[in-house]
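See below for the structure under consideration.
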Amino acid sequence: MLLKTVRLQLRFLVPLMVTLVVAAYLAVPVMDQVTLRWFSRDLNSRGLLVANALSDSVGEAMATRGTSRLRPLFDRAVQDERLFAIGLCSTDEKLLERTESFPKTLTCTSAADLARKAETQLPLAGGTVHVGVHDVMGQPPLRAPGAVLINPAPEVIPEDAVAAIHAAASDAQAAAAPVLMGRLVLLHDMSFIERRSQDTRRYLIGLIAALGLVIALITMVVAQLSWRGWVNGVRAIMRGEGLLSPLMPAPELEPFAADLRARLRDMEDEFRRSQGPETEWTAERLKTLLQTQLSGDQVIVVSNREPYIHERGADGIVVKRPASGLVTAVEPVMRACSGTWVAHGSGSADRDVVDSSDRVLVPPGQKDYWLRRVWLTPEEEQGYYYGFANEGMWPLCHVAHVRPVFRESDWEAYRAVNQRFADAVVAEARGEDPVVLVQDYHFALLPAMIREKLPQATILTFWHIPWPNPESFGICPWRREILQGMLGSTILGFHTRYHCKNFIETVDRYLEARIEHEHSTIAFHEKETLVESYPISIEWPGVAEVSSWAPVAVCRQRAVERLGLPTDACIAVGVDRFDYTKGILERLNAVERMLEKWPAWVGRFVFIQVAAPTRSALDEYRSFQERVERVTERINLRYGRPGYQPVHLLAQHHEHGAVMELFRAADVCVVTSLHDGMNLVCKEFVAARDDLQGVLILSRFAGAARELSEALIVNPYHVEETADALNRAATMPAAEQRERMASLRSTVREFSVFRWAGRMLADAGRWRLRSRIEARVRRHQTGP
Ligand code: F6P
């Protein structure tokens, strides 16, 4: 700040100083001339005085032709330090008398000529003299006028004498009838003028310099005060105190101050956003954390869905990525941590590509980690996956008004398959304390099963779906077994604090366990579990991925061409699995209501729903898909016309690249889950929009709504509210979209999936350290 002020002042001071120097340079010669003129006038007056004083004597001497008597008089007169020499000239220009110092070269004629000039200066060897010629009046001589000569002896002019002399001549004349008797030539020493000029010059330069310094000082003080005043003024504005307060309350400036405050805040926000989080979670940071806090221990992930599915096709084996939020989140973590991922091998060609231990290196071509496949019989899959997990636990936890179905046989299958996976984990473990990441509601019993075989293992269970309140959960016939199984975990994670609270209350209701609310821990059978919230996310796209995306305009053009959309259409998209929890029917109803309420949108608003088929073996899912198709048809019949179809239902799986392209083509993304643990679709939409355009409509019942508050948050059960949100999104100004999207992006970028995993693993590291210390303390207490 100080440096800035000094720089600012220098910008003013340097030209000022230059101006002063130039002024001094021009002023000094002018001043010299003026001074010289003043002194010349002064010397003439002095000369006149001397001539007058001498005129009587000179007149008398000339009248008596005894000018030689004047010599002593003249010699006395030149003792005056400023009078250098005197000469007496006759009226016919003859030098009659002179002092010793009178220059031999100076004649009466040349003296008279010089005296007539404006500046009567005569340069001599010793310096310059001023020449003055004065008439001497007196009585006419009795005889013809003669000259009184001043003895010319210029060589006696002292070398060091200051140069200026004043010569004056006076005519000497008799007093009675004054006639011109002669002329006195007076030479005045001018050296004192030079001396005084030098003094004056010094004073002048000193004065200009002092003046410059004073001005500079005043400038600096004024600049300092005004800078401070300005800064204080802005600070006052920022504090909301008004521009000139407290000196003067200025209410008329308040709008300006408010604008300024808002603009400054905008700039600050933009700056912060551009900076990104202070310490961003990255794959590298996660790796380092594993090395340091978990001593590089083996990481084993367990999930039902595998990250890569090998399918047999007409052209051979193809690799597919499933439509799964879980896979989207966990896969980048596994790529960063290496280790082993244990999952159900569900692809038709999965067995063809594994080794003798049922393992294959993935991702294809990169080979970052092992995928260990577990094979299930159709009966096992039916009972464990379709039955207990997806007809029982899924609707139980989502409270989505679909009744859970609990069958004894499904439970048995669920237990058996959990045991199969526990055995696979134990088989994969290279030591006694691996870090095991158990994923989701398919494996509620797995943590306790692994703990039984590997008591030292660090087991992190993450529940990707919501956890209901104790009453809702209470309808599960095997509620106690499920809770006990989950409490085999070291850490139990949910997306939100609300789900953690529901779980703790459920344990409190159905188990004899010690709950420490302050630390969010549950002790059951001498084993403690930390229950914590870890909001899951996506991997923020890197430079390579972003540069592979087509420009937004191109993405839009492709969608328009592929689906035959009106070129100026407002495009809204939804991307989901075909699941009744996703609120697909509710959003279709909202689209229909929007077209009904604002008919101007008919022909200009298009809704594209990507719905990847899922769990189609279940009646509930099949009938849900049929209902969605029926509603789509109804809306298209009602509002469609040749060349325009309001709803496009794309009931097939889309690969990641295709989904990203659709997100970039869209004006609006609609996520209306009736209940969702987190929902990663909305975060992917945000990540795709590096152009800062596009509006997100988000259900308040999705965990993501707690983080993404700049979305248009809706209650999907309220058709009117969702229809209004669609209209608002479709008409939102670009500037507002930019504002909201920039903020959403900075949130998703900061709270990435690496942060999700990093926080869990860091907690696990602390937990392990604490356990080791406790074990050592126990050993000390019990002795050797
Ligand atoms: O939401 C829980 C979840 O496990 C998601 O991670 C995933 O999208 C889905 O359920 C799994 O679906 P599927 O049954 O097809 O594996």
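Return the only residue of L530, L437, L483 being open to solvent by less than 30 Å² (accessible area, probe 1.4 Å), more than 16 Å from the ligand (Cβ to nearest atom) and in a strand (DSSP E or B). Write out each step before concluding.
Numbers: L437 fails: more than 16 Å from the ligand (Cβ to nearest atom); L483 fails: in a strand (DSSP E or B).
Step by step, each of L530, L437, L483 is checked, and only L530 is open to solvent by less than 30 Å² (accessible area, probe 1.4 Å), more than 16 Å from the ligand (Cβ to nearest atom) and in a strand (DSSP E or B).
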Please work out which residue is least open to solvent (accessible area, probe 1.4 Å), limiting yourself to the range 367-387 and to residues that are more than 13 Å from the ligand (Cβ to nearest atom) and of a type in the set (S, T, Y). Y369
Restrict the check to the range 577-598 and report whether at least one residue is in contact (Cβ under 8 Å) with a residue 24 or more places away in the chain, exposed (fewer than 15 other Cβ atoms within 10 Å of the Cβ) and assigned to a loop (DSSP other than H, G, I, E, B). no
Please specify each residue of the range 406-428 satisfying the condition of being within 16 Å of the ligand (Cβ to nearest atom) and not aromatic (F, W, Y). D410, A413, V417, N418
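Looking at the structure I just gave you, is S547 closer than 30 Å to L286 by Cα, in contact with a Gly (Cβ under 8 Å, 6 or more places away or on another chain), at pLDDT 95 or above and small (G, A, S)? Quick ask: steps written out before the conclusion?
Working: closer than 30 Å to L286 by Cα: yes; in contact with a Gly (Cβ under 8 Å, 6 or more places away or on another chain): no; at pLDDT 95 or above: yes; small (G, A, S): yes.
Judged against the criteria, S547 is not a match.
From S520, S547, S537, grab the single residue that is of a type in the set (G, A, S) and touching a Ser or Thr at 6+ places or on another chain (Cβ under 6 Å). Explain how you work it out, then say what you get.
On the way: S520 fails: touching a Ser or Thr at 6+ places or on another chain (Cβ under 6 Å); S547 fails: touching a Ser or Thr at 6+ places or on another chain (Cβ under 6 Å).
On inspection, the qualifying residue turns out to be S537.
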Scanning the range 286-326 for residues that are aliphatic (A, V, I, L, M) and within 17 Å of Q366 (Cα to Cα), the one farthest from the chain's Cα centre (by Cα) turns out to be V318
Is one or more of the residues making up the range 453-472 among the acidic types (D, E) and in contact (Cβ under 8 Å) with a residue 24 or more places away in the chain? no
Going by the structure shown, is V330 open to solvent by less than 70 Å² (accessible area, probe 1.4 Å) and either more than 23 Å from V659 (Cβ to Cβ) or within 16 Å of the ligand (Cβ to nearest atom) (or both)? yes
Applying the selection to the range 711-726, what residues are surrounded by 18 or more Cβ atoms within 10 Å (Cβ to Cβ), touching a Lys or Arg at 6+ places or on another chain (Cβ under 9 Å) and of a type outside the set (V, I, T)? A711, L712, P716, A723, D724, L726
Here the residues within the range 333-354 that are hydrophobic (A, V, I, L, M, F, W, C) and either within 16 Å of the ligand (Cβ to nearest atom) or touching a residue at least 40 places away in the same chain (Cβ under 8 Å) (or both) are V333, M334, A336, C337, W341, V342, A343, V353
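With the requirement that a residue be part of a helix (DSSP H, G or I) and either among the basic types (K, R) or surrounded by 14 or more Cβ atoms within 10 Å (Cβ to Cβ) (or both), what does the range 400-415 give you? Give the steps one after another, and end with the answer.
First, the residues of the range 400-415 that are part of a helix (DSSP H, G or I): 408-415.
Across the range 400-415, the qualifying residues are D410, W411, E412, A413, Y414, R415.
Take R641 and decide whether it is basic (K, R), free of Cβ contacts under 8 Å to residues at least 60 places away in the same chain and open to solvent by 30 Å² or more (accessible area, probe 1.4 Å).
Values: basic (K, R): yes; free of Cβ contacts under 8 Å to residues at least 60 places away in the same chain: yes; open to solvent by 30 Å² or more (accessible area, probe 1.4 Å): yes.
Against the criterion (basic (K, R), free of Cβ contacts under 8 Å to residues at least 60 places away in the same chain and open to solvent by 30 Å² or more (accessible area, probe 1.4 Å)), R641 qualifies.
Just for the range 620-633: of the residues that are in contact (Cβ under 8 Å) with a residue 40 or more places away in the chain and under 16 Å from V591 (Cβ atoms), which one is surrounded by the fewest Cβ atoms within 10 Å (Cβ to Cβ)?
Taking the range 620-633 as the starting set, the residues that turn out to be in contact (Cβ under 8 Å) with a residue 40 or more places away in the chain are 620-621, 624-625, 627-628, 631-632.
Checking the rest, the ones that are also under 16 Å from V591 (Cβ atoms) come to 627-628, 631-632.
Details: R627: 14, V628: 21, V631: 18, T632: 24.
If we take residues in the range 620-633 being in contact (Cβ under 8 Å) with a residue 40 or more places away in the chain and under 16 Å from V591 (Cβ atoms), then R627 is surrounded by the fewest Cβ atoms within 10 Å (Cβ to Cβ).
If I ask for residues that are touching a residue at least 60 places away in the same chain (Cβ under 8 Å) and either touching a His at 6+ places or on another chain (Cβ under 8 Å) or not in a strand (DSSP E or B) (or both), which ones from the range 566-576 would you list? Give the steps one after another, and end with the answer.
Restricting attention to the range 566-576, the residues satisfying the condition of being touching a residue at least 60 places away in the same chain (Cβ under 8 Å) are 566, 570-576.
Passing the criteria: P566, V575.
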Please verify whether the range 464-471 includes one or more residues that are in contact with a His (Cβ under 8 Å, 6 or more places away or on another chain) and at positive phi. no
Matching residues in the range 76-108 - criterion: being surrounded by 12 or more Cβ atoms within 10 Å (Cβ to Cβ), polar (S, T, N, Q) and either assigned to a helix (DSSP H, G or I) or without any contact (Cβ under 8 Å) to a residue 12 or more places away in the chain (or both): none
Exclusive hit being within 23 Å of V552 (Cβ to Cβ), buried (at least 22 other Cβ atoms within 10 Å of the Cβ) and within 16 Å of the ligand (Cβ to nearest atom), set V695, V686, V670, V681: V681
Subset of the range 440-462 [among the hydroxyl-bearing types (S, T, Y) and farther than 21 Å from G383 by Cα]: T458, T461
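Using the structure shown, decide if S616 is more than 21 Å from F701 (Cβ to Cβ), among the hydroxyl-bearing types (S, T, Y) and within 14 Å of the ligand (Cβ to nearest atom).
Values: more than 21 Å from F701 (Cβ to Cβ): yes; among the hydroxyl-bearing types (S, T, Y): yes; within 14 Å of the ligand (Cβ to nearest atom): yes.
Yes, satisfied.
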So D315 fits all but one of (1) acidic (D, E); (2) open to solvent by less than 10 Å² (accessible area, probe 1.4 Å); (3) away from the ligand (no atom under 15 Å from the Cβ); what number is the exception? (2)
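Being in contact with a helix residue (DSSP H, G or I) (Cβ under 9 Å, 6 or more places away or on another chain) and surrounded by fewer than 17 Cβ atoms within 10 Å (Cβ to Cβ) narrows it down to one residue among A569, A550; which is it? Let's see the steps before the verdict.
On the way: A569 fails: surrounded by fewer than 17 Cβ atoms within 10 Å (Cβ to Cβ).
Matching residue, one of A569, A550: A550.
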Residue, farthest from R615 (Cα to Cα), within the range 296-308, restricted to residues that are within 14 Å of the ligand (Cβ to nearest atom) and surrounded by 20 or more Cβ atoms within 10 Å (Cβ to Cβ): V301
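Here is a yes/no grid of residues against (1) among the small types (G, A, S); (2) within 16 Å of the ligand (Cβ to nearest atom); (3) under 50 Å from the mean Cα position of the chain (by Cα):
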position	(1), (2), (3)
W601	no, no, yes
Q609	no, no, yes
R622	no, yes, no
E626	no, no, no
T632	no, no, yes
G643	yes, no, yes
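Out of curiosity, is N502 open to solvent by less than 10 Å² (accessible area, probe 1.4 Å) and more than 16 Å from the ligand (Cβ to nearest atom)?
Details: open to solvent by less than 10 Å² (accessible area, probe 1.4 Å): yes; more than 16 Å from the ligand (Cβ to nearest atom): yes.
Here the answer is yes, as N502 does meet what is asked.
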I'd like the full set of residues that are more than 44 Å from the chain's Cα centre (by Cα) and outside any loop (DSSP other than H, G, I, E, B), limited to the range 451-480. R451, E452, K453, P470, E471, S472, F473, R479, R480
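The values are calculated or read from the model by the stated rules, or taken from the named source; none is laboratory data. All of these numbers come straight from a predicted model, not from anything done at the bench. Here the Cβ is made from the backbone with ideal geometry for all residues, glycine too, and neighbour counts use every protein chain on show. Accessible surface is based on the protein model in full, side chains and every heavy atom, while ligands, DNA and RNA are left aside. Shrake-Rupley method; radii C 1.70, N 1.55, O 1.52, S 1.80 Å.
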